[in-house]
Amino acid sequence: MARDLGELEHLLDAAETLCEIQARRPAVAQFHSETALFADGRTAIFRGRYNGASAMLTLFQGEGHVDRARRRKRDLEQLGAALANERFRIAPLVAAWPGEGLTLTADVAGERLDTALALATPAERDALIAEAGAWLARIVAEAHRQAVFGGRHWVRNADRALARTSGREDRALARDLATRLEALLPTVAGKPVTQAHCHGDFRPAHLVHSGDVLCGVAMQGAHWQPVVRDLARFVVDLHLTHPRPGGQRRFGVDADDIAALTAPLTQLERPELALHLPFFIGIELAEWMGRADLSPDRAALVREAIAHFLEGNGAPLI
């Protein structure tokens, strides 16, 4: 499928940077990239092989890339040690070169959660989603804090994504979504929010069942960020890739999916979920709206979800 032009430019820049690093660092040159999974100018993720084993390489770029790589290495080491003998784990750290902005983790073999969800009955789906929520809750339990939420940064990002839409009807829908997010901003700005060094790109494809273990892969969270943002990314991604047939909607996505995912997150108070989850669902929908790689069926699902999201009046409550 086609990628967004901006993402292609970031991927090319990241690939060039990686080649330059490999030319001067023989140890890094042992990683052979097979697929570029993601790039946004600040972070890029490659899947490939390192010393013959499947691995995932994260390249941090831009301002503070060394510090971010160093924090990511520390987080992976601490989390890996804390979860080593538990059911919920993360992909183990294989190597790291913080001075180059690089961390390398194992590419865990097993069944991806999105694959299991595609074949699941409604009851199995609820159980799998609850398991994903429990995985995130375990990660958050290691370290989290309360902070005052700003929100303007996220609205700006959404505006940039929505500006990439084309076609008269899509541009009108994008304007409506941008207006709604701007209207929601005062309901979340200045309110307390729970932050953690959580996943950063929490979606079903980034959780893998390996035997009885559920393992998180492709983690990007090298800084404090709102936990509820990970929740929003998961439910939006799930709804747009594997929608629940006949499910009741809430904020454009499935209500039962939201309930199953959030139930294990006891660290988040109900008022925080009620205010921040709808806001971040809107942010995630804006990112999807701005993508250029959507099939016609997927694009139709995005439009439908946004239209439902816009049907709410004022600040929706869980």
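Structural remarks
- Residue check for GLU169: among the acidic types (Asp, Glu), over 30 Å from GLU142 (Cα atoms) and either buried (at least 17 other Cβ atoms within 10 Å of the Cβ) or touching a helix residue (DSSP H, G or I) at 6+ places or on another chain (Cβ under 7 Å) (or both): no
Rundown of residues vs (1) under 30 Å from THR105 (Cα atoms); (2) β-branched (Val, Ile, Thr); (3) touching a residue at least 40 places away in the same chain (Cβ under 8 Å), yes/no style:
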site: ASP126; (1), (2), (3): yes, no, yes
site: ASP176; (1), (2), (3): no, no, yes
site: VAL188; (1), (2), (3): no, yes, yes
site: HIS199; (1), (2), (3): yes, no, yes
site: ALA205; (1), (2), (3): yes, no, yes
site: HIS209; (1), (2), (3): yes, no, yes
site: GLY216; (1), (2), (3): yes, no, yes
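- When the range 76-120 is filtered for residues that are among the polar types (S, T, N, Q) and assigned to a helix (DSSP H, G or I), the ones remaining, listed by number, are GLN78, THR115.
- Of all residues in the range 64-86, those that are within 13 Å of GLY99 (Cβ to Cβ) have Cβ atoms under 7 Å from Cβ atoms of residues that are in a helix (DSSP H, G or I) and not basic (Lys, Arg), 6 or more apart or on another chain, in VAL66/PRO98; VAL66/GLY99; ALA69/PRO98; ARG70/PRO98; LYS73/PRO98.
- Hey, VAL155 touching a His at 6+ places or on another chain (Cβ under 9 Å) and either surrounded by 14 or more Cβ atoms within 10 Å (Cβ to Cβ) or of a type in the set (D, E, K, R) (or both) or not: no
- Note on the range 223-268: among residues that are free of Cβ contacts under 8 Å to residues at least 12 places away in the same chain and not in a helix (DSSP H, G or I), the one that is surrounded by the most Cβ atoms within 10 Å (Cβ to Cβ) is GLY247.
- When GLN220, GLN225, GLN195 are screened for being within 16 Å of GLU272 (Cβ to Cβ) and either modelled with pLDDT under 95 or aromatic (Phe, Trp, Tyr) (or both), only GLN225 passes.
- Any hit, the range 139-147, residues being assigned to a helix (DSSP H, G or I) and at pLDDT 95 or above: no
- Within the range 103-115, the set of residues being crowded, with 20+ Cβ neighbours inside 10 Å and touching a helix residue (DSSP H, G or I) at 6+ places or on another chain (Cβ under 6 Å) comprises THR103, LEU113.
- Here GLU287 passes the criteria (1) free of Cβ contacts under 8 Å to residues at least 40 places away in the same chain; (2) out of contact with any Gly (no Cβ under 7 Å at 6 or more places or on another chain) except the one numbered (1).
The values are calculated or read from the model by the stated rules, or taken from the named source; none is laboratory data. Being a predicted model, the structure only gives us computed values, none of them experimental. In this analysis, Cβ positions are derived from the backbone assuming ideal geometry, glycine residues included, and neighbour counts consider all displayed protein chains.
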